[in-house]
1. In percent, how large is the relative contact order of chain B, given Cα pairs closer than 8 Å and 6 or more residues apart?
2. Mind checking the mean number of beta-carbon atoms from other chains within 10 Å of the Cβ atoms in B:26-39?
3. Over the protein assembly as shown, what number does the Rg to Rh ratio reach, with both radii from the alpha-carbon atoms and Rh per Kirkwood?
4. With r as the distance between the Cβ atoms of A:Q60 and A:E15 and R0 = 25 Å, compute the FRET efficiency 1/(1 + (r/R0)^6) and round to 0.05.
5. Within 10 Å of each Cβ in B:93-101, how many Cβ atoms from other chains are there, averaged over the peptide?
6. Which whole number of Å³ per residue matches the convex hull of the alpha-carbon atoms in chain B?
7. For the range B:11-87, build the charge dipole from Cβ charges (+1 Lys, Arg; -1 Asp, Glu) around the Cα centre, then report which of B:P83, B:T55, B:V21 sits farthest towards its positive end.
8. List the aspartates and glutamates whose alpha-carbon lies under 19 Å from that of A:K56, not counting same-chain residues fewer than 8 positions away?
Amino acid sequence: GESVGLHLPTLSVQEGDNSIINCAYSNSASDYFIWYKQESGKGPQFIIDIRSNMDKRQGQRVTVLLNKTVKHLSLQIAATQPGDSAVYFCAEWWAGGTSYGKLTFGQGTILTVHP
Amino acid sequence: EAQVTQNPRYLITVTGKKLTVTCSQNMNHEYMSWYRQDPGLGLRQIYYSMNVEVTDKGDVPEGYKVSRKEKRNFPLILESPSPNQTSLYFCASSFSGGQPQHFGDGTRLSIL
């Protein structure tokens, strides 16, 4: 498959473990955050999002935590499965006084799940 | 099925030969965007469009053109491709800027 990054942070876990992927964002004015999953040869796929007026949001097996004080975002994956192996990106969106704003992506983290 | 479709998926071409990468979405989204993805640099926005005939530059627009004549289509044009435009390109769409974007499966361009 295509290489999406060199020297990205990596996380290796055993199947069934919980995974935590971290992301530091840059703009304290960002008001919307998204986590994407990218599998080899595919485009980024939406996982979960969170608005800045929240500090936690849960989905199916995934939880996103937002700490605005330190500009930190994390993605928790419960009971990680081999199919969760992928590159995970966080993205921050800043309205900037417009109706479309600006979406900026982090560098990504490679998650490898061992059976 | 809701999707963003890019064509071609792979293209090898030579410097200076004009090319167009097409992007089409079937979700009636107003917002469309092009990104390039390079090792170690993540996804960087090239151009975006808020609606028909409304486009604006992203972070790395040099060497690219776009048009939005119809709501569903947002082609990326390289008038005179150069080797530094060798990259993996993604088209994305969403209802508006502050909504999750749906991505196509990418176009791998190699400019020799």
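1. 36 percent
2. Going residue by residue through B:26-39 and averaging, the value is 2.
3. 0.97
4. E between A:E15 and A:Q60, to the nearest 0.05, is 0.90.
5. 6
6. Value for chain B: 93 Å³ per residue.
7. B:V21
8. Within the straight-line cut-off, A:K56 pairs with A:D31, A:E92.
All of the numbers you see were taken from the coordinates with simple rules; none came from a lab. As the structure is a prediction and not an experimental result, all values here were calculated from the model. Glycine also receives a Cβ, built like all others from the backbone with ideal geometry; neighbour counts cover every protein chain displayed.
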